[in-house]
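Participant: I'd like to ask you about the structure that follows.
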Amino acid sequence: MVPKSFLHKIAKYAFKHSKRRWSKQKKRGRPYKYDDFEILHVIVAMKVYNFQSLNQAYEKAKEKGLRFNPSRQTVEYRMKKLDMEKISRLILKAVKKFVVVDSTLIYYGRKKRRWTKLHVFYIAGVGMPVWWKVNNGPDWEVGEEFLKFEPVGIIADHGYWMWDFLYECRRKGISVIVKPRGRKGRAFMEVYGQIYKKRWEIEHFFQRLKGELVLGGVNLKTLRAKVKIRLLGEMINKLCELWRKGEIRALGI
C-alpha cells in the first residue's frame, strides 16, 4: 500500500508550478483544480491495478464510490509539469548502485505492424527503472543522454561498445562495464561474468512490461503515454520501499 504522506511529499518535490483555476462555487461536474497528489495517486493506481486506460480506471473508481475523475486531457497536461529528471536524480542519489542500460523493440498499432524502441535505465537488485526514452535512435546515443545524471556505474551489452559513449563515461568518471564485440567478449565474461549477469534482470523486466501493456491499435503518442504512466508508477512504488527503509527521508524531501 502506498502511504499518502509519502505521495504528498513526492508531489510537492517533483511537480513544477502550474497556473490552475479554483472553483469557489460548488458546481456539478469536474472541478477546475486537482491537487498534485491526486494526479500522482491515479498514476500509481493505474500501475498497481494494471489499468490499460484512464476510462478503465474511472469505471473502477465509480464502482467503489470514489469521486476522483480528472479528464484525460487534465492528466496529460499535469504530467508535463512533472519533473522526471528531478525524481531520477533523487533515486540515483539515494541508491548508489550500478545502472543497467538496455533497449527492446515494442510493436504497436493495427495488427502491431509498427515498431519502436524503448530504452530503459534500470537499477539491478532494486528492480527500479530510473529513466527511459521511446525512439529509434542507436543505443549508445541514448546512453550518452543518460550520462547527465552521473550514475555510479553502467552495465551494458555490445550495443554500447562505441568510442564516443565509452569516452564520455571515462571523462565524467563513471565506471562502465560494457561487453565488447567479437572474440573479446569471451575474455570479458571470464573477468566480469558475475557482474554482467545483473543485466539479465532488465530482460525479465522487459518481458513483464510487454505482458502488462496492451498496445494493439494505439498510435505512437498513446504508446508513449502508456509507457510513461506505467514506468512512473513503477518508480513511485519502489520509492515507497526506500522511504519505509529511511533512505529517502535522509535526503530531506
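Participant: Kindly indicate which of Tyr167, Tyr196 is at pLDDT below 90 and hydroxyl-bearing (Ser, Thr, Tyr).
Facilitator: Tyr196
Participant: Could you figure out which of (1) modelled with pLDDT of 80 or more; (2) under 26 Å from Val214 (Cβ atoms) isn't true of Phe37?
Facilitator: Of everything listed in (1) modelled with pLDDT of 80 or more; (2) under 26 Å from Val214 (Cβ atoms), Phe37 misses just condition (2).
Participant: Filter the stretch 68-86 for residues that are part of a helix (DSSP H, G or I) and either touching a strand residue (DSSP E or B) at 6+ places or on another chain (Cβ under 9 Å) or among the small types (Gly, Ala, Ser) (or both); which is surrounded by the fewest Cβ atoms within 10 Å (Cβ to Cβ)?
Facilitator: Glu85
Participant: Select from the stretch 206-234 the residues that are in contact with a Phe, Trp or Tyr (Cβ under 6 Å, 6 or more places away or on another chain) and in a helix (DSSP H, G or I) and write down the one among them that is nearest to Tyr107 (Cα to Cα).
Facilitator: Among residues in the stretch 206-234 that are in contact with a Phe, Trp or Tyr (Cβ under 6 Å, 6 or more places away or on another chain) and in a helix (DSSP H, G or I), the one nearest to Tyr107 (Cα to Cα) is Leu223.
Participant: Can Phe149 be described as at pLDDT 90 or above and either touching a Gly at 6+ places or on another chain (Cβ under 7 Å) or closer than 18 Å to Phe205 by Cβ (or both)?
Facilitator: For Phe149, the condition - at pLDDT 90 or above and either touching a Gly at 6+ places or on another chain (Cβ under 7 Å) or closer than 18 Å to Phe205 by Cβ (or both) - is not met.
Participant: While we're on this one: Looking only at the stretch 170-193, how many residues end up being hydrophobic (A, V, I, L, M, F, W, C) and modelled with pLDDT of 90 or more?
Facilitator: Going through the stretch 170-193 one residue at a time, the tally reaches 4.
Participant: Which of the residues belonging to the stretch 188-200 are crowded, with 18+ Cβ neighbours inside 10 Å and under 30 Å from Lys111 (Cα atoms)?
Facilitator: The answer is none; no residue qualifies.
Participant: Would you point out which residue out of Arg230, Arg244 is over 17 Å from the mean Cα position of the chain (by Cα), outside the structural domain of Asp102 (by TED's automatic domain parsing) and of a type in the set (D, E, K, R)?
Facilitator: Details: Arg230 fails: over 17 Å from the mean Cα position of the chain (by Cα).
Only one candidate qualifies: Arg244.
Participant: Output the residues belonging to the stretch 91-144 that are assigned to a strand (DSSP E or B) and without any contact (Cβ under 8 Å) to a residue 40 or more places away in the chain.
Facilitator: Matches in the stretch 91-144: Leu105, Trp115, Lys117, His119, Phe121, Ile123, Lys133.
Participant: Pull out all pairs, ordered by first then second residue, where Cβ-Cβ is under 7 Å, the residues are six or more apart or on different chains, the first lies in the stretch 36-50 and is at positive phi, and the second is at pLDDT below 80 and aliphatic (A, V, I, L, M).
Facilitator: Hits for this filter: zero, empty list.
The values are calculated or read from the model by the stated rules, or taken from the named source; none is laboratory data. Small disclaimer: the values here were computed from a predicted structure and weren't measured. Methodologically, a virtual Cβ is constructed for each residue, glycine included, from the backbone with ideal geometry; neighbour enumeration extends over all protein chains shown.
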